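A short write-up of the structure that comes next.
Nothing in this text is a laboratory measurement; each read-out follows from the coordinates by a stated rule. No experiment lies behind these values; they were computed from the predicted model shown. Glycine also receives a Cβ, built like all others from the backbone with ideal geometry; neighbour counts cover every protein chain displayed.
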Amino acid sequence: MEHDILQNQIAYYRARAQEYDETTEGVEELNGAFARARDLLQQRGPFEHILELACGTGAWTQVLLAMGQDITALDAAPEMLTIAQQKLADARVHYQQVDLFAWKPTREYHLVFFANWLSHVRPQELVAFLTKVAHAVRPGGYMAIVDQYAPMLEDREIAQEGEGGRIYALRPLRSGETFTIVKVFYKIEILQEVFTSLGFDVSVHQLNNFFFFLEARNMRAE
């Protein structure tokens, strides 16, 4: 069952790739929050090497291009990567198709960034996943995350029951096809505790009533 959910989640984003940008444009809660998150992110850097997890169609990759010399952009959906490559055909960006739950970092980066992805990680895997990602951040480097800490109305309408509460969502496409995915709204305090335990100095900004921007610096000595 749990394996099926994760595979369904990948299938959903593969199927949604062609309509993703259009369906996220013009959403007031997203636009305002993401504009502020971009401002906060751009206050850091420049960075030599950046890793982006779940890059999708490249909306945030474009922001990172203005901040970094070399970007590795990972996503599980080849359809998403194709669109990102078409939008951002820049030699500084290296795209890789990767299932992030199976992925293991092989090097360290000055900045690791991901947006709207942490909420797709199940609670029982949160610490292990963030611990793995932390290994990709060089000493003195940063991790930055944009995501939701509270559901919007549309999130409540498609929420599904799971173990320990509502951690799934039944996401529809324009075709009417539906996919069950993981959708968890982590409390900011929980994330702060995890990052502190991993040796990071954490700062969190509430972007609006739903979204947060978290930055964490790896305090491990070089």
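Structure values in brief
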read-out: Filtered residues of segment 157-205 (kept if within 30 Å of Pro139 (Cβ to Cβ), of a type outside the set (A, V, I, L, M, F, W, C) and surrounded by fewer than 17 Cβ atoms within 10 Å (Cβ to Cβ)); value: Lys187, Glu189, Gln192, Glu193, Thr196, Ser197, Gly199, Asp201, Ser203, His205
read-out: Among (1) of a type outside the set (A, V, I, L, M, F, W, C); (2) out of contact with any helix residue (DSSP H, G or I) (no Cβ under 8 Å at 6 or more places or on another chain); (3) without any contact (Cβ under 8 Å) to a residue 60 or more places away in the chain - the single one Gly58 does not satisfy; value: (2)
read-out: Enumerated strands (runs of 3 or more DSSP E) restricted to segment 36-111, each holding at least 2 residues that are over 14 Å from the mean Cα position of the chain (by Cα) and under 26 Å from Asp4 (Cβ atoms); value: 93-97
read-out: Conditions (1) in contact with a strand residue (DSSP E or B) (Cβ under 9 Å, 6 or more places away or on another chain); (2) under 29 Å from Asn209 (Cβ atoms): number failed by Arg107; value: (2)
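Each row is one residue, and each column tells you yes or no for (1) assigned to a helix (DSSP H, G or I); (2) farther than 18 Å from Pro105 by Cα; (3) polar (S, T, N, Q).
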site: Glu125; (1), (2), (3): yes, no, no
site: Leu130; (1), (2), (3): yes, no, no
site: Asp155; (1), (2), (3): yes, yes, no
site: Thr180; (1), (2), (3): no, yes, yes
site: Val184; (1), (2), (3): no, yes, no
site: Glu189; (1), (2), (3): yes, yes, no
site: Ser203; (1), (2), (3): no, yes, yes
